[in-house]
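The values are calculated or read from the model by the stated rules, or taken from the named source; none is laboratory data. Here the structure is a predicted model, which means the values were calculated and not measured. All Cβ positions, glycine included, derive from the backbone under ideal geometry; neighbour counts span all protein chains shown.
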Amino acid sequence: MENIIKFENVSKSFGDLQVLNNLNMEVKDGEKLALIGPSGSGKTTILRILMTLETIDDGFVSVNDEYLWHEKSDGKIIPASENHLHKMRDHIGMVFQQFNLFPHLTAIENVKQPQTLIKKKSELRQKKKQKNFLTWLAWVTRLIIILTNYQVDNNSE
């Protein structure tokens, strides 16, 4: 299986607070990953780096075997240009913790909207994307229920 996301020795600090210290992580195609940890452990920072909302101090991030925050130029690896970042953002998306959906649309219509307006996808491809999203949502919901039950069981001992 091929890596779709790869962090290589990624470090990120906010002032004196080092949030990520030489993080190495790989996500393979088709793999499901949950970032779980206490507040301040870097979960949101990892997501913000992937969304190009936060820069890195050191290391490399690759998406689909292409550098995210860097690019190759004349055989050298240099910091990414705005054009490169814009191109990379075409392949990345995120659902925020707050449900900032359009209130006048159904959940399915909210998922369909960016596929129609931004990606210009056909109705058939949108239906496939919707099905994949709903399958993922069901998986995440089951994971949350399992983790909640696990926490309740462990706390009652």
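Observations
- Complete set of residues in region 66-87 that are at pLDDT 90 or above and either touching a Gly at 6+ places or on another chain (Cβ under 7 Å) or under 26 Å from Lys119 (Cα atoms) (or both): Glu66, Tyr67, Leu68, Trp69, His70, Glu71, Ala80, Ser81, Glu82, Asn83, His84, Leu85
- Flag if Ile92 is modelled with pLDDT of 75 or more, assigned to a helix (DSSP H, G or I) and not charged (D, E, K, R): no
- Region 106-144, residues that are over 25 Å from Leu33 (Cβ atoms) and exposed (fewer than 13 other Cβ atoms within 10 Å of the Cβ): Thr106, Leu117, Lys120, Ser122, Glu123, Leu124
- Among the candidates Lys72, Lys129, Lys76, Lys120, the residue that is without any contact (Cβ under 8 Å) to a residue 12 or more places away in the chain, among the basic types (Lys, Arg) and closer than 25 Å to Lys28 by Cα is uniquely Lys72.
- One residue alone among Thr116, Thr55 is among the hydroxyl-bearing types (Ser, Thr, Tyr) and in a helix (DSSP H, G or I), and that residue is Thr116.
- Output for region 120-157, where each listed residue is at pLDDT below 70 and not in a helix (DSSP H, G or I): Ser156, Glu157
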